[in-house]
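S.K.: Sending over a structure as structure tokens; questions will come in a sec.
Since every read-out is calculated from the coordinates, none of them should be taken as a lab result. Computed from a prediction, not measured in an experiment: that's the story for all the values here. As a convention, Cβ positions derive from the backbone with ideal geometry for all residues, glycine included, and neighbour counts pool all protein chains shown.
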2 protein chains.
Amino acid sequence: MTTLLVLFRRPEGGIEAVEAFEQAYAESHLPLIADTPGLRSLRVRRVSEALGGASDLVIVAEMGFDDRAALDAALASDPMRAAGRNLRTIAPGLATMLVLEDAPGLVPGGWR
Amino acid sequence: MTTLLVLFRRPEGGIEAVEAFEQAYAESHLPLIADTPGLRSLRVRRVSEALGGASDLVIVAEMGFDDRAALDAALASDPMRAAGRNLRTIAPGLATMLVLEDAPGLVPGGWR
């Protein structure tokens, strides 16, 4: 499993700006993501609190693919390219996109 | 489901420092996490690439709990308190801890 993890920073403009971003994200961005070929899972979560310090992150989105080749094919697809252009409109400079790979050697037995 | 997401920044000292952190994390930290009461899932992944920009993040750990009350109970438990002290030794100032809550209204139908 290869995961694309997207961390969204808080837009300037207070709670109204966050709500406007969330609405644009749900209405214009996620439908493109949902059409991405090879997408195996999609999970969007809100940051409700940062423990032991502050954080400027507000939304965390996680997209799962079979492997890195499937992610690369998805990134080259029309829906994902449109999603990338959309992101530059609705959240310019606010997204960090990380490719994650499982690290089985790091996890105690019994946990995935 | 309430998730504790921990983002680890790269320690100074190059690849040797990252490997030393990973070893300490696997040997001294994760066994404490695995003993945490109420823990429903534990997933540790490496950041293999940052797309469209740089990132100083190297490891992403995700701990799942039934709800916020279960997370709070876990945070107050002996294993988690020991894990917090351990973290200040093996990764001082390098961890961002976020509480995530599902945002069902943000996800297109058919995806969790």
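S.K.: Hey, could you grab the Kirkwood Rh for the protein assembly as shown? Inverse mean 1/r over distinct alpha carbon pairs, Å, one decimal. List each step's numbers first, then the result.
M.R.: Numbers: mean 1/r = 0.0551 Å⁻¹.
Its Kirkwood hydrodynamic radius stands at 18.2 Å.
S.K.: For residue A:17, place a label point 7 Å out from Cα along the Cα→Cβ vector, do the same in each other copy, and report the separations in nm, one decimal, smallest first.
M.R.: Values, ascending and in nm: 3.2.
S.K.: Still on this structure, I have one more. Whole-Hz ³J(HN,Hα) for each residue in segment B:72-79, computed from phi via Karplus 6.51 cos²θ - 1.76 cosθ + 1.60 with θ = phi - 60°, x for glycine and proline: what do you get?
M.R.: 4, 5, 5, 4, 8, 7, 4, x
S.K.: Sticking with the crude label model, points 7 Å out along Cα→Cβ, report the distance from residue A:67 to residue A:88 in nm, one decimal please.
M.R.: Going from the residue A:67 label point to the residue A:88 one covers 3.2 nm.
S.K.: Mind checking which chain A residue has its Cβ closest to the axis relating A to B, and how many whole Å off it is?
M.R.: Here the nearest residue and distance are A:7, 4.
S.K.: To the nearest 0.05, how large is the calculated FRET efficiency for residue A:50 and residue A:28 if R₀ is 30 Å and r is the Cβ-Cβ distance?
M.R.: Details: r = 27 Å, r/R0 = 0.92.
My answer for the efficiency is 0.65.
S.K.: Under the rule of at least 5 residues apart or a separate chain, name every residue whose amide H is placed under 5 Å from the amide H of residue A:48.
M.R.: Those lying under 5 Å, H to H, from residue A:48 are B:99, B:100, B:101.
S.K.: I would also like to ask the following. Short version: ³J(HN,Hα) in whole Hz for each residue of segment B:38-51, in order, from phi by Karplus 6.51 cos²θ - 1.76 cosθ + 1.60 (θ = phi - 60°), x for Gly and Pro, what are they?
M.R.: x, 5, 9, 8, 9, 9, 10, 10, 8, 7, 8, 6, 10, 8
S.K.: Let me know the shape class of segment A:44-112, please: from the alpha-carbon gyration tensor, a ≥ b ≥ c as square roots of the eigenvalues, rounded when a/c is under 1.5, otherwise prolate if a/b is greater than b/c, or oblate.
M.R.: oblate
S.K.: How far is residue A:76 from itself in the other copies, in nm, if each label sits 7 Å out from Cα along the Cα-Cβ line, shortest first?
M.R.: Spacings between copies for this position, smallest first, are 5.4 nm.
S.K.: Round to a whole angstrom and tell me the spacing of the C-alpha centers of segment B:54-74 and segment A:1-36.
M.R.: 20
S.K.: Let me ask another. Using only C-alpha positions, report the orientation-averaged shadow area of the convex hull of segment A:2-100, nm², one decimal.
M.R.: 6.2
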